[in-house]
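To keep things clear, I will list the structure first and then write my remarks on it.
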Amino acid sequence: MMYRHRVAMWSKQSKNDFANKIIHRIFSSLFTASVALAIAPVASQAMDMNNSVETFGSYVLYHWQKDPELNKFNPPQIITNVDSKTKVLGGCISTYNGRTALDVGGTSYCPATNTIYVVQDQLSPLFKYFGPASIAFVVSHEYGHYLQKVFEIPYEKVVSELQADCMSGAILGQGADELGITSRDIINMSEAAYSIGDPDHGTGAQRAYAVYSGFGLSAEITCSKEDMKKLSSNQIKDPVFKQLASQRSAEGVDLSGPQVHLKSISASLLGGL
């Protein structure tokens, strides 16, 4: 199945109404991939983001080679800093409201060229509020879409997006210490995922729990498509999910704990250890 995924971004709720409006407008543009962003990163921030992407890329390649299923395939290449209007001729295209687009748009995975495009000007608000872990989270979500292609898992709205969220947790969970990711970072990333739910990607509670599950914190589900269908239908008994679903934010929900249910990247998706 050939498709171009344009990732949805997340922003953290803020007490500052003006900041909320600006960030909401930025993230709305990522859903449509057609509105120019109002915030651009400063040079030092871009450099930090470059370092974050490069560090994460090296991290994934290391764990990719260790995984007995993934090392059979070439991982996608990452182009770390393109403009949202950069055109990829002969590569991936997308359509929105009947309009065909050749531009990169947002941070996305292109199956035709096996490439993840990182659009840093669109990620800068996420980086500003949640730090380097958020960049790893977004890019690993795109790796999740690559894995769906590799293992020929048909795309299904909501279910496949939750699965990519779950896989981001599984990828980051392989070596949280290596990336300097703490339980607080995971909570923040879950909060980011929680902040914007939409009909294509699932509710905030579903997205936060998907990350939580992939990270090895759920005793109930993995990242399998069957389990993600359960999650998309809210058929989860875990009190953590019930608490997430009953409130408007992940704040105050204990999303920390030992990763006693963590599996390898491929096992999180396919079953096994």
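Among the candidates Lys237, Lys229, single out the residue that is assigned to a helix (DSSP H, G or I) and modelled with pLDDT of 95 or more.
Selected residue: Lys229, the only one of Lys237, Lys229 that is assigned to a helix (DSSP H, G or I) and modelled with pLDDT of 95 or more.
What about Glu152, is it within 27 Å of Glu69 (Cα to Cα), without any contact (Cβ under 8 Å) to a residue 40 or more places away in the chain and open to solvent by 10 Å² or more (accessible area, probe 1.4 Å)?
Considered against the rule, which asks whether it is within 27 Å of Glu69 (Cα to Cα), without any contact (Cβ under 8 Å) to a residue 40 or more places away in the chain and open to solvent by 10 Å² or more (accessible area, probe 1.4 Å), Glu152 comes out as yes.
Listed residues Glu178, Glu152; which is at pLDDT 80 or above, more than 15 Å from the chain's Cα centre (by Cα) and outside any helix (DSSP H, G or I)?
Glu152
I'd like the full set of residues that are over 17 Å from Lys230 (Cα atoms) and open to solvent by 30 Å² or more (accessible area, probe 1.4 Å), limited to the stretch 155-187.
Within the stretch 155-187, Gln174, Asp177, Glu178, Leu179, Gly180, Thr182, Ser183, Arg184, Asp185 qualify.
What residue, among those in the stretch 237-273 that are closer than 27 Å to Lys149 by Cα and touching an Asp or Glu at 6+ places or on another chain (Cβ under 6 Å), is most open to solvent (accessible area, probe 1.4 Å)?
Among those that are closer than 27 Å to Lys149 by Cα and touching an Asp or Glu at 6+ places or on another chain (Cβ under 6 Å), it is Ser264.
Starting from residues that are farther than 16 Å from Gly57 by Cα and part of a strand (DSSP E or B), keep the ones in the stretch 97-124 and report whichever is modelled with the highest pLDDT.
Cys110
Could you check, for the stretch 200-215, whether at least one of its residues is under 19 Å from Gly272 (Cβ atoms) and of a type outside the set (Phe, Trp, Tyr)?
For the stretch 200-215, residues under 19 Å from Gly272 (Cβ atoms) and of a type outside the set (Phe, Trp, Tyr): present.
Take the residues of the stretch 211-226 that are touching a residue at least 40 places away in the same chain (Cβ under 8 Å) and assigned to a loop (DSSP other than H, G, I, E, B): which is surrounded by the fewest Cβ atoms within 10 Å (Cβ to Cβ)?
That would be Ala219.
Ala208 fails exactly one of the following numbered conditions: (1) open to solvent by 40 Å² or more (accessible area, probe 1.4 Å); (2) free of Cβ contacts under 8 Å to residues at least 60 places away in the same chain; (3) at negative phi. What is the number of that condition?
Ala208 satisfies every listed condition except (1).
The values are calculated or read from the model by the stated rules, or taken from the named source; none is laboratory data. Since we're looking at a predicted model, the values are computed, not measured. As a convention, Cβ positions derive from the backbone with ideal geometry for all residues, glycine included, and neighbour counts pool all protein chains shown. In case anyone asks, the SASA skips ligands and DNA or RNA and just uses the protein heavy atoms, side chains included. Shrake-Rupley method; radii C 1.70, N 1.55, O 1.52, S 1.80 Å.
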